[in-house]
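Here, each number is a calculation from the coordinates, and none is a lab measurement. Computed from a predicted structure; not experimentally measured. So basically every Cβ, Gly included, is an ideal-geometry build from the backbone, and we count neighbours across all protein chains shown.
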Amino acid sequence: MYTPKHFEMNDPAELTAFMEHHNFAALVTSHEGDITATHLPFMLDPSRGEHGTLIAHLARTNPQWQTFVDGQEALVIFTGPHAYVSPSWYEKPTVNVPTWNYTAVHAYGIPRIVEDPEMIYAMLDQLVKAHESSYERPWPMQSAEEHVRRLIGGVVGFEMTITRVEGKAKLSQNRSEVDQHHVMEHLSQSADPLSVDTANLMRERQAEKQSTNA
């Protein structure tokens, strides 16, 4: 991922938190010149490996899992808040052009198929619990135990130990403080939730920078 230095995300804790929070990501693999991508919910086990281990599953009818046997490196793309930035928000709008503020993390590794049905069951249970936990009445997977057990044969579980990870937060850090303030104000007033989230990220990074320099 092309990442100028001022847009780099290097803090391991921040990268881990990003992947955990924006866990619906794109798995990209290559086989004999063909590139395939599937959008999947991932779980991250930060305790396994230098950068953690990603855990997910595919439908068995999805042929992408067959590319795992080649032992080729795969890429998982996590995407966070993003927003269009108008040059009209800058101090000098006539000498600037539109751009896009965004956040993303790329994780690389070699997927490994998980064959054990009990391990797949545990992976599915972990995923369900993580996403049901915020509900007033969480749905327990065990309430559909027999049905779930039957369906496990229709999925392929896999793990991917992350061998390298890249993070990018392009949030107007290359602009003046005045321009950054104007961008945040306009994004904050947008009806688009992603634009508001992008503005909030910009504020958080500014606060961290001020705290560090204090």
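Each of 189, 106, 58 was placed along the dipole of the chain (beta-carbon charges, centred on the mean Cα), and the one lying farthest toward the positive end is 189. Seen against the Cα atoms of the chain and their longest principal axis, helix 117-132 is set at about 40 degrees. Extending 7 Å from the Cα toward the beta-carbon at both residue 11 and residue 95 defines two label points whose distance is 3.4 nm.
Only lysine pairs 8 or more places apart or on separate chains count here, and in the chain those with Cα atoms under 21 Å apart total 6. Taking the charge dipole of the chain about its Cα centre, with +1 at Lys and Arg Cβ atoms and -1 at Asp and Glu Cβ atoms, the residue from 165, 31, 128 reaching farthest to the positive side is 165. Select from 96, 207, 119 the residue farthest towards the positive end of the dipole of the chain; place +1 on Cβ of Lys and Arg, -1 on Cβ of Asp and Glu, and compute about the Cα centre. My answer, from the dipole projection, is 96. Only the Cβ atoms of Lys and Arg (+1) and of Asp and Glu (-1) were treated as charged; on that basis the dipole of segment 1-148 about its Cα centre amounts to roughly 520 debye.
Largest GNM mean-square fluctuation among 66, 142, 180, using the chain with Cα springs under 10 Å: 142.
If eta is 1.002 mPa s and T is 20 °C, what Stokes-Einstein diffusion coefficient results for the chain, Kirkwood Rh from Cα pairs, in µm²/s? Approximately 110 µm²/s, per Stokes-Einstein. A convex hull fitted around the alpha carbon atoms of segment 1-72 yields 124 Å³ per residue. Note on the chain: with a GNM built from Cα contacts shorter than 10 Å, the maximum mean-square fluctuation among 39, 106, 51 falls on 39.
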